[in-house]
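Shown next, in structure tokens, is the structure this report addresses.
Derivation of every value follows stated rules applied to the coordinates shown; laboratory data play no part. Because the structure is predicted, anything quoted here is derived from the model rather than measured. Neighbour counts are summed over all protein chains in view; Cβ atoms, including those assigned to glycine, are modelled from backbone coordinates with ideal geometry.
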Amino acid sequence: MKLRILTHAEAPGARGRIDLWPEFMHHDAIVSTFWPRLYEIYPDFQLWVLDGNRLIGYACSLPVVWDGAPKERGIDWAMSNGVAGTPSTLSAIVAGLVPDYRGKRISAVLIDRMTKLAAAHGLDCLIAPVRPTWKERYPLTPIDSYVRWRREDGFLFDPWLRTHERLGAELLEPAPRSMTVTGTRDEWEAWTEMQFPEDGDYVVPAALAPVRFSDGHGTYVEPNVWMRHSVED
């Protein structure tokens with residue numbers, strides 16, 4: 001494996017060549033509107049991971065104005081209110097790898113690289129509204145309960161949260177409304193290849209919480225978990 005991590009400024013042609021997320025995740029209105037600006041305005045904070053010439057993953061972040069208090073809206077906050085003013089902090093947005101490269105500690109290298117980016121740009125820390133990997137297995141469990149689960153060795157139960165923890169991150173608190181996706185019944189059926197015959201709550205594959213349907217429209221509110229990495233570490 002010949003691992004390289006390049007910024008978007010160094011490898012602008014890499015964008016959009018892999019897709020790691022379920023279709024419904026692409027329909028948060030704030031994220032969809034702001035996403036292109038990540039690459040246009042903040043190219044030095046977007047990372048591409050390559051094995052030789054093969055694109056195997058990426059990580060996105062952006063500088064935000066953070067007062068030290070975890071925000072309920074998570075990613076939606078970072079891409080709206082968070083960019084208003086002189087930045088103080090680097091917020092991770094997403095990090096992902098193609099399946100056959102997971103479990104090889106590359107994600108830890110990505111987190112470390114983002115922390116170093118924060119330090120290099122004079123920002124006080126790296127914060128991350130982390131999407132818990134295994135929460136989709138427990139969509140009915142409240143995020144406030146899930147985030148407290150720990151293994152017998154004392155580390156956090158969730159693998160992605162645990163990766164952050166092992167790298168020295170401080171667990172802050174959940175971002176219960178990190179992303180919000182709304183759509184008509186027809187749109188949700190196209191996104192998920194499921195049917196939603198009547199109003200109510202539905203468990204959808206890859207969703208961290210149920211999708212609620214009312215009057216023919218479905219709403220998904222995704223919970224994430226805020227974690228903080230010190231740049232001094």
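If the only charges are +1 at each Lys and Arg Cβ and -1 at each Asp and Glu Cβ, what is the size of the charge dipole of region 120-181 around the Cα centre, to the nearest 20 debye?
Numbers: 9 positive and 9 negative charges, 47 e Å.
Result for region 120-181 is approximately 220 debye, rounded to the nearest 20.
Once R0 is set to 25 Å, what does the formula 1/(1 + (r/R0)^6) return for the Cβ-Cβ distance between V98 and T184, expressed as a FRET efficiency to the nearest 0.05?
Working: r = 32 Å, r/R0 = 1.26.
FRET efficiency, V98 to T184: 0.20.
On full extension of the chain, what length is gained from T219 through E193, given 0.36 nm per residue of separation minus the C-alpha to C-alpha distance?
On the way: separation 26, 0.36 × 26 = 9.36 nm, distance 1.62 nm.
This chain segment gains 7.7 nm when fully extended.
Residues of region 57-74 with amide nitrogen under 11 Å from the 7 Å Cα-to-Cβ point of E170?
Hits in region 57-74 for E170 at 11 Å: 68-70.
Can you list the residues, at least 5 places off or on another chain, whose amide H is less than 5 Å from the amide H of W66, using H built in the peptide plane?
Under 5 Å from the amide H of W66: S88, T89.
Which GluC sites (Glu not before Pro) from region 128-224 combine a DSSP loop assignment with at most 13 other Cβ atoms within 10 Å?
Numbers: sites: E136, E152, E165, E170, E187, E189, E193, E198; in loops: E152, E193, E198.
For GluC sites (Glu not before Pro) across region 128-224 that sit outside H, G, I, E and B with at most 13 neighbouring Cβ atoms in 10 Å, the list reads E152, E193, E198.
Separation of region 62-83 and region 106-163 by C-alpha centroid, Å?
Region 62-83 and region 106-163 have Cα centres separated by 17 Å.
Could you pull out every one of the aspartates and glutamates with an alpha carbon less than 18 Å from that of K71, ignoring same-chain neighbours closer than 8 positions?
Leaving aside aspartates and glutamates fewer than 8 places away in the same chain, those within reach of K71 are D28, D124, D144, E170, E173, E222.
Calculate one ³J(HN,Hα) per residue across region 44-56 by plugging θ = phi - 60° into the Karplus curve 6.51 cos²θ - 1.76 cosθ + 1.60, and present them in order as whole Hz with x for glycine and proline.
Coupling constants for region 44-56: 6, 10, 9, 10, 10, 10, 10, 9, x, 9, 8, 6, 10 Hz.
About the Cα centre of the chain, how large is the charge dipole given +1 on each Lys and Arg Cβ and -1 on each Asp and Glu Cβ? Please answer in debye to the nearest 20. Kindly include the intermediate steps, with their values, before the conclusion.
Values: 25 positive and 32 negative charges, 187 e Å.
With Lys and Arg at +1 and Asp and Glu at -1, about 900 debye.
How many nm separate the modelled label positions at M1 and D67, each set 7 Å beyond the Cα in the direction of the Cβ?
Distance between label points: 4.2 nm.
Cβ under 10 Å from L208's Cβ, L208 left aside: what net charge do those residues give with Lys, Arg +1 and Asp, Glu -1?
On the way: positive: R131, K135, R137; negative: E136, E222.
Around L208, the charge tally is +1.
Considering amide H positions built from the backbone, and no H for Pro or chain starts, which residues 5 or more places from S178, or on another chain, come under 5 Å of its amide H?
Hits under the 5 Å cutoff: E222, N224.
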